[in-house]
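*Asks:* Quick one: the structure is below, questions incoming.
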Amino acid sequence: MKEHIVIIGNGISGVTAARHIRKLSDKKITIVSAETEYFFSRTALMYIYMGHMKFEHTQPYENWFWKKNRIDLKKGYVSNIDTDAKTLHFAEGDSLKYDKLIIATGSKPNKFGWPGQDLEGVMGMYHKQDLENLEKHAPNKEVCKRAVIVGGGLIGIELAEMLNSRSIPVTFLVREDSFWNGVLPSGESEMINRHIKNHHIDLRLGMNLKEIKSDENGKVKSIIIQETGEEIECNVVGLTAGVSPNIDFIKDSNIETGRGVKVNRYLETNIPDVYAIGDCAEQHEGINGRRPIEAVWYTGRMMGETLAQTICGNKIQYNPGHWFNSAKFMDIEYQTYGWVFANPRENEAHFHWKHEDDTKCITICYDTTTNAFLGINTFGIRMRHETFDTWLTEKRDVDYVINHLSEANFDPEFYSHYEADILLAYNKQLQTA
Amino acid sequence: MSNKINHSMSLAKPDALDITNKQKIALAIGIIGLLILTLALFNTDFPNKGLFLTLALGLISGGIIIYSREAYLSKLEGIKNDGVWFKSISSRGTWGWIVGVILTAFYIILYFFPKYLGLGTDGAENTGLISLFDPLSKLLSGRPASQWFVYGTLYTVAILAFGYKFILKYRHNRYQQLRTGSVMFFQLGFAFLIPEFMYVMNNDLPYYDLKSVWPLNYYIFDEWSVNGFLSNGNIGLALILFGIISIFVITPILTYKYGKRWYCSWVCGCGGLAETAGDSFRQLSSKKMSAWKLERWLIHTVLVFSVVMTVAMIYTYLGYDKNDFWLTRGVFISLVIGFLTLVFAGVMYFKRQELGKDAKYGAIGFFVVIALLLIMHFTGTTNQIFYIKSGALRSAYGLYIGSIFSGVIGTGFYPILGSRSWCRFGCPMAAILGFQQRLFSKFRITTNGGQCISCGNCSNSCEMGIDVRAYAQKGENIVRSSCVGCGICSAVCPRGVLKLENDSMEGRINPTEVLLGNDVDLMDLVNKK
Ligand SMILES: Cc1cc2nc3c(=O)[nH]c(=O)nc-3n(C[C@H](O)[C@H](O)[C@H](O)COP(=O)(O)OP(=O)(O)OC[C@H]3O[C@@H](n4cnc5c(N)ncnc54)[C@H](O)[C@@H]3O)c2cc1C
Ligand code: SF4
Ligand code: SF4
């Protein structure tokens with residue numbers, strides 16, 4: 001009999017693993033998911049609500065793809081894993097045997113025990129069901145007179161943009177005193193604050209949620225702000241204060257868990273033949289300055305690519321290259337390559353340049369002792385991943401990077417270039433420093 | 001854990017976004033303009049036609065301009081696709097179908113029943129809609145309007161007004177603005193004004209839109225056309241030479257350097273209309289694999305048809321005897337076959353690898369054409385080819401491809417099939433340019449390492465139905481014959497993944513399995529081929 005590989009979770013991690021296992025082998029593959037029949041792109045959820053796309057457009061593969069590649073799909077919710085009998089038990093009552101199991105169950109939105117957090121009209125924004133919930137409670141500005149978003153991260157600002165697209169007034173509570181400034185250096189974070197306000201979003205910095213109040217039908221009526229005691233009437237509350245691994249159903253199995261499913265560098269759990277990848281996996285120790293849990297698209301994909309090798313007999317470690325990521329803050333695109341922390345660490349300095357139109361800026365982080373280039377954040381200017389990856393590998397110094405910045409430009413043709421301007425600012429800074 | 005299994009998987013269709021009062025007024029203004037044209041169509045005899053025509057076109061353009069200013073200038077610069085899949089007109093809703101039916105009906109009348117538009121036949125005066133355009137036609141060229149003049153004027157107005165809208169929509173994107181300015185310029189100048197002025201200078205010259213290249217301009221080598229040019233001395237000769245140079249010299253050079261976009265997205269009138277008036281429908285093109293398969297069969301069949309038809313046309317008016325003119329039927333057929341064989345052999349020799357499975361289809365196509373030409377040569381008589389009257393082939397092409405496919409389906413079905421269905425499924429010019437773009441061009445869409453999040457915005461916006469995401473999520477450059485280089489995929493990508501570029505041919509096609517960002521050894525291992 002062919003070895004049976006069962007994957008829980010049809011997100012990017014699970015699907016990438018399945019695709020690569022299929023490429024490398026003839027094993028029997030089953031993907032289990034409780035969320036949707038077919039793989040869709042979670043990152044595109046916002047565009048469905050905004051009307052840019054329909055749900056089917058977010059599916060990266062046509063429906064025939066799975067059969068053609070002999071990947072079985074099963075819809076069902078795994079309630080329990082019996083690692084001794086190598087069997088999954090489903091909430092629907094049936095069960096499934098596996099030879100090797102890959103846990104790729106992703107994340108779930110954080111809830112911090114706020115009073116009223118389970119009322120009707122309160123939702124996270126992670127699963128497709130959350131989107132359906134939003135569609136129900138905020139179809140337009142007549143039904144939803146105001147929405148309050150709690151938590152200023154990447155998903156929070158996407159939710160703000162979504163609601164904005166339907167002209168629903170938004171109050172955006174951000175705990176930090178500037179948007180996402182745990183990650184972004186202040187120049188950038190403040191630019192995004194202004195951009196959010198330019199979109200007529202009621203941005204409340206340094207504010208926390210105290211409680212959510214209910215009307216007589218168990219629906220959201222208003223929220224209270226901790227700091228000021230102010231009550232804001234609203235019909236929808238979006239909870240976007242981060243995500244955490246979606247592993248509650250594993251907690252009483254033999255599989256070791258911490259915040260996520262604990263894995264080693266081979267993405268193996270403590271139980272033989274059980275692996276975990278993607279948002280739900282937690283490394284014992286962060287790799288090369290990375291966090292132990294990396295809840296982003298690319299890392300899920302990379303873990304899938306890697307694990308497929310191991311499962312198909314070519315055992316290799318998960319060994320990601322230079323860090324990169326990207327996002328979009330309303331109209332401003334953001335990319336990052338290498339490490340730029342909100343505040344320079346020891347022996348680090350930042351060079352910051354901002355365009356006068358207040359929608360473009362870059363921050364370059366470098367080592368003050370060696371002058372080595374460590375990373376770049378770029379806003380409103382697209383840059384080439386490959387170029388920075390090469391520069392980081394070659395350990396170029398910051399002068400080299402600034403002088404060759406135009407090689408990394410990835411903006412569409414005929415766009416204005418800012419490299420000369422950036423160089424000028426850089427030289428000026430050196431003179432005054 | 002909040003896995004809500006029992007929820008329905010369908011998303012209710014939300015209400016379309018409201019338009020503002022100013023936009024409602026703009027719509028009303030445009031509709032009044034259309035109303036004037038409709039009244040003229042039903043034979044209302046306007047007293048001062050010049051005034052009413054100006055009024056009609058002015059109101060339509062004005063309506064579009066006010067509407068788009070309100071839609072885009074009141075917001076910050078950025079991607080403006082909110083609600084396109086909610087609005088009835090742009091999501092194959094009732095309005096989409098209504099507009100589709102009206103457009104299609106208009107094309108059918110235009111091509112087959114121009115008398116209902118008021119075309120005066122046998123020297124009679126124009127009436128109805130066409131007569132409304134008489135003053136403008138007389139102003140430009142001194143002759144009364146024809147149905148084609150009416151069509152050309154409306155076409156130009158559409159490209160100009162919707163072009164303005166498009167420029168506002170993409171006012172953060174220089175590439176979009178420049179190429180739209182370019183198609184507006186070529187439509188107004190080359191397709192509309194210059195032919196009229198050429199007529200004024202020399203009224204025997206056939207209509208010649210200089211930017212329209214064979215095989216799109218399939219009638220340029222017709223006997224009447226060639227005679228028309230040749231009987232006009234040097235200027236005529238120069239024009240027909242320009243026609244030949246356009247396809248054999250200018251086109252290959254520009255396509256090599258810039259890809260087919262230099263034509264399809266910067267010059268061409270069909271493309272121009274699709275990009276401007278058709279912009280709201282771009283997302284409707286099918287991205288399915290099956291549509292791609294259909295596309296490749298259809299467009300290449302049309303190409304074969306147009307090549308054989310043109311050769312046959314020229315063939316019929318060439319003589320048998322060397323003494324009349326050096327180019328006899330025999331010489332001509334040999335030249336054509338020789339040229340095609342050269343191209344075929346060259347491709348097979350240099351590009352066999354890249355073509356992969358497609359090589360087989362290319363070979364079939366090639367041999368079909370050669371066989372057809374030989375059959376024609378050896379069975380043809382003075383007035384028959386393929387055992388039918390020689391003109392019949394040409395008429396069939398004009399009817400089925402020139403009129404029904406490019407006009408009725410290509411444009412009439414914008415709201416159903418998307419804006420570029422003619423360019424994608426039918427245009428033989430696009431097929432030739434695409435063939436070259438795929439094999440001998442510096443153009444490609446570069447993907448940015450591992451940055452793609454598979455969101456699908458690019459594929460959704462591709463009017464040519466290319467599943468851009470399928471490439472981007474593999475970190476593979478997009479080198480597709482059908483890509484017209486409109487650049488919208490790049491514009492809408494929220495992660496800055498796509499860049500249209502002209503660069504060296506080396507490494508242009510770069511299939512990858514493991515993307516940049518992962519373990520370098522793993523990338524080496526898996527991607528080495
Ligand atoms: C709105 C939004 C925007 C985002 N944007 C970006 C972005 O721009 N860039 C970026 O890098 N990242 C982004 N992310 C994060 C990214 O989407 C995730 O990192 C990624 O989807 C995680 O993939 P995964 O395969 O690990 O898990 P998931 O995609 O979460 O898939 C896990 C699947 O497993 C199912 N499942 C869980 N438990 C069970 C069970 N017990 N039984 C059966 N099925 C189960 C879940 O229902 C889910 O379908 C975004 C996330 C969200 C929510
Ligand atoms: S692939 Fe991109 S540039 Fe090419 S036609 Fe499609 S949208 Fe336009
Ligand atoms: S739009 Fe960009 S991120 Fe989205 S699928 Fe296309 S290339 Fe990838």
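*Asks:* For A:Glu333, what residues show an amide H to amide H distance below 5 Å, using hydrogens built from the backbone and excluding near sequence neighbours?
*Replies:* A:Gly380
*Asks:* Which order, highest average first, do A:348-356, B:118-126, A:40-48 follow once you tally other Cβ atoms within 10 Å for each residue and take the mean per peptide?
*Replies:* By packing density, highest mean first, the sequence is A:40-48, A:348-356, B:118-126.
*Asks:* Still on this structure: Whole-Hz ³J(HN,Hα) for each residue in the stretch A:370-378, computed from phi via Karplus 6.51 cos²θ - 1.76 cosθ + 1.60 with θ = phi - 60°, x for glycine and proline: what do you get?
*Replies:* For the stretch A:370-378, the Karplus curve yields 9, 6, 5, 6, 10, x, 9, 10, 10 Hz.
*Asks:* Any of B:Lys357/B:Lys389; A:Lys54/A:Lys213; A:Lys221/B:Lys22; A:Lys328/B:Lys87; A:Lys145/A:Lys197; A:Lys262/B:Lys499 with alpha carbons more than 28 Å apart? Name them for me.
*Replies:* B:Lys357/B:Lys389; A:Lys54/A:Lys213; A:Lys221/B:Lys22; A:Lys262/B:Lys499
*Asks:* Hey, got the dipole for the stretch A:324-432? About the Cα centre, +1 on K and R Cβ, -1 on D and E Cβ, debye to the nearest 20?
*Replies:* Dipole about the Cα centre, nearest 20: 200 debye.
*Asks:* Using mean Cβ contacts within 10 Å as the protection proxy, how do B:399-407, B:183-191 order, highest first?
*Replies:* Result, highest mean first: B:183-191, B:399-407.
*Asks:* Considering the alpha-carbon set of the protein assembly as shown alone, what are its Rg and its Dmax in angstrom?
*Replies:* Rg and Dmax of the protein assembly as shown, Cα atoms, are 31.3, 103 Å.
*Asks:* Whole angstrom only: what separates the Cα centroid of the stretch B:404-460 from the Cα centroid of the stretch B:227-265?
*Replies:* What the calculation gives is 23 Å, centre to centre.
*Asks:* Kindly provide the helix-only [θ] at 222 nm of the protein assembly as shown, computed as the sum of -39,500 (n - 2.57) over DSSP H runs of four or more divided by all residues, to the nearest 500 deg cm²/dmol?
*Replies:* It lands at -12500 deg cm²/dmol.
*Asks:* Apply the a/c threshold of 1.5 to the C-alpha gyration tensor of chain B and tell me whether it is rounded, prolate or oblate.
*Replies:* Oblate is the answer for chain B, as a/c is 1.5 or above yet b/c matches or exceeds a/b.
*Asks:* Restricting to bridges with both residues inside chain A, how much of the DSSP beta-bridge set is antiparallel, in percent to the nearest 5?
*Replies:* Within chain A, antiparallel bridges account for around 55 percent of the total.
*Asks:* Once the stretch A:130-176 is represented by equal point scatterers at the alpha-carbon sites, with solvent omitted, what log10 I(q)/I(0) does the Debye formula produce at q = 0.13, 0.20, 0.33 Å⁻¹?
*Replies:* For the stretch A:130-176 at q = 0.13, 0.20, 0.33 Å⁻¹, log10 I(q)/I(0) is -0.26, -0.60, -1.29.
*Asks:* Another question about this same structure. Which three semi-axes in whole Å describe the equivalent ellipsoid of the stretch A:324-432, each the square root of 5 times a Cα gyration tensor eigenvalue, listed largest first?
*Replies:* Value: 20, 16, 14 Å, ordered largest first.
*Asks:* So how far apart, in nm, are the two label points at A:Ser416 and B:Ser231 if each is 7 Å from Cα heading toward Cβ?
*Replies:* My value for the distance between the label points is 5.8 nm.
*Asks:* Now for a separate question. Cα gyration tensor of chain A, axes a ≥ b ≥ c as square roots of the eigenvalues: rounded (a/c below 1.5), prolate (a/b > b/c) or oblate?
*Replies:* oblate
*Asks:* Averaged across B:455-465, how many Cβ atoms of other chains sit within 10 Å of each residue's Cβ atom?
*Replies:* Average per residue, whole number: 4.
*Asks:* Using modelled amide H (1.01 Å from N, peptide plane; none on Pro or chain starts), what sits under 5 Å from the amide H of A:Asn208, excluding residues fewer than 5 places away?
*Replies:* Here A:Gln226, A:Glu227 satisfy the definition.
*Asks:* Also, quick follow-up: Among DSSP beta bridges lying fully in the stretch A:1-100, give the percent that are antiparallel, nearest 5.
*Replies:* DSSP beta bridges in the stretch A:1-100 are roughly 40 percent antiparallel.
*Asks:* On to the next question. So what does B:Ser504 come to for accessible area, using a 1.4 Å probe and Å² rounded to 10?
*Replies:* 60
*Asks:* Heads up, I need the accessible area for B:Lys22: 1.4 angstrom probe, whole protein in place, Å², nearest 10.
*Replies:* The accessible area comes out at roughly 110 Å².
*Asks:* Separate question: Arranged from highest to lowest average of other beta-carbon atoms within 10 Å per residue, in what order do the peptides A:158-166, A:313-321 appear?
*Replies:* A:158-166, A:313-321
*Asks:* Sort the stretch B:442-527 into rounded, prolate or oblate with this rule: let a ≥ b ≥ c be the square roots of the eigenvalues of the Cα gyration tensor; rounded if a/c is under 1.5, and if a/c is not under 1.5, prolate when a/b is larger than b/c, oblate otherwise.
*Replies:* Because a/c hits 1.5 or more and a/b fails to exceed b/c, the stretch B:442-527 counts as oblate.
*Asks:* Pop out the ³J(HN,Hα) list for the stretch B:124-133 in order, Karplus 6.51 cos²θ - 1.76 cosθ + 1.60 with θ = phi - 60°, rounded to Hz; leave Gly and Pro as x.
*Replies:* So the J values, rounded to whole Hz, are 5, 5, 5, 10, x, 4, 5, 5, 4, 8.
*Asks:* Then there is this: Would you kindly calculate the translational diffusion coefficient of the stretch B:59-121, applying Stokes-Einstein with the Kirkwood radius from alpha carbon pairs, for 10 °C and a viscosity of 1.306 mPa s, and quote it in µm² s⁻¹ without decimals?
*Replies:* Using the Kirkwood radius from Cα pairs, D works out to 108 µm²/s.
*Asks:* Tell me the total accessible area that A and B bury against each other, 1.4 angstrom probe, in square angstrom rounded to 100.
*Replies:* So the buried area, both faces added, is about 6300 Å².
*Asks:* Give the share of C-alpha pairs in each 10 angstrom bin for the stretch A:1-150, from 0 to the last occupied bin, in whole percents, shortest bins first.
*Replies:* 10, 33, 31, 18, 7, 1
*Asks:* Could you name the aspartates and glutamates in cross-link range of A:Lys28, using Cα to Cα under 18 Å and dropping any fewer than eight places away on the same chain?
*Replies:* Qualifying aspartates and glutamates at Cα under 18 Å: A:Glu3, A:Asp72, A:Asp99, A:Asp273, A:Glu305.
*Asks:* Using a 1.4 Å probe on the protein heavy atoms, what percent of the accessible area of the stretch B:187-258 belongs to carbon and sulfur?
*Replies:* The value for the stretch B:187-258 is 70 percent carbon and sulfur by accessible area.
*Asks:* Run through every distinct alpha carbon pair of the stretch B:350-417 and return the Kirkwood hydrodynamic radius in angstroms, one decimal place.
*Replies:* One decimal place: 15.0 Å for the Kirkwood radius.
*Asks:* Roughly how much of A:Asp72 is accessible, in Å² to the nearest 10, using a 1.4 Å probe?
*Replies:* My reading of the accessible area for A:Asp72 is about 70 Å².
*Asks:* Follow-up. How crowded by other chains is B:500-507, given as the mean number of beta carbons from other chains within 10 Å of each beta carbon?
*Replies:* 1
*Asks:* Based on the Kirkwood radius over alpha-carbon pairs, what is the Stokes-Einstein translational diffusion coefficient of the stretch A:63-213 at 10 °C with 1.306 mPa s viscosity, in µm²/s?
*Replies:* Approximately 85 µm²/s, per Stokes-Einstein.
*Asks:* Another question, then. Say we join alpha carbon atoms closer than 10 Å with springs in a Gaussian network model of chain A; which of A:Asp202, A:Asp94, A:Asp358 then has the biggest fluctuation?
*Replies:* A:Asp94
*Asks:* Just tell me how shielded A:293-303 is by partners: mean number of partner chain Cβ atoms within 10 Å of each residue's Cβ, no decimals.
*Replies:* 3
*Asks:* Let me ask something else about it. Relative contact order for chain A: what percent, with Cα pairs under 8 Å and sequence separation of 6 or more?
*Replies:* Answer for chain A is 14 percent.
*Asks:* With unit charges on the beta carbon (Lys/Arg positive, Asp/Glu negative), name the residue among A:Pro139, A:Ser107, A:Gly14 whose Cα is farthest towards the positive pole of the charge dipole of the stretch A:1-143.
*Replies:* Final value for the positive-end residue is A:Gly14.
*Asks:* While we're looking at this one, here's another question. Counting only DSSP beta bridges with both residues in the protein assembly as shown, what percent are antiparallel, rounded to the nearest 5?
*Replies:* Taking every DSSP beta bridge with both residues in the protein assembly as shown, the antiparallel ones total about 60 percent.
*Asks:* Whole-Hz Karplus ³J(HN,Hα) for the stretch B:38-54, in order, using 6.51 cos²θ - 1.76 cosθ + 1.60 and θ = phi - 60°, x for Gly and Pro?
*Replies:* In residue order, the calculated couplings are 5, 4, 4, 4, 8, 6, 5, 9, 6, x, 10, 4, x, 5, 5, 5, 4 Hz.
The values are calculated or read from the model by the stated rules, or taken from the named source; none is laboratory data. In this text the structure is predicted, and so the values were computed from the model without any measurement. Reconstructed Cβ throughout: ideal geometry from the backbone, glycine too, with neighbour counts over all protein chains shown. What goes into the accessible areas is simple: the full protein's heavy atoms, side chains included, and nothing from ligands, DNA or RNA. Shrake-Rupley method; radii C 1.70, N 1.55, O 1.52, S 1.80 Å.
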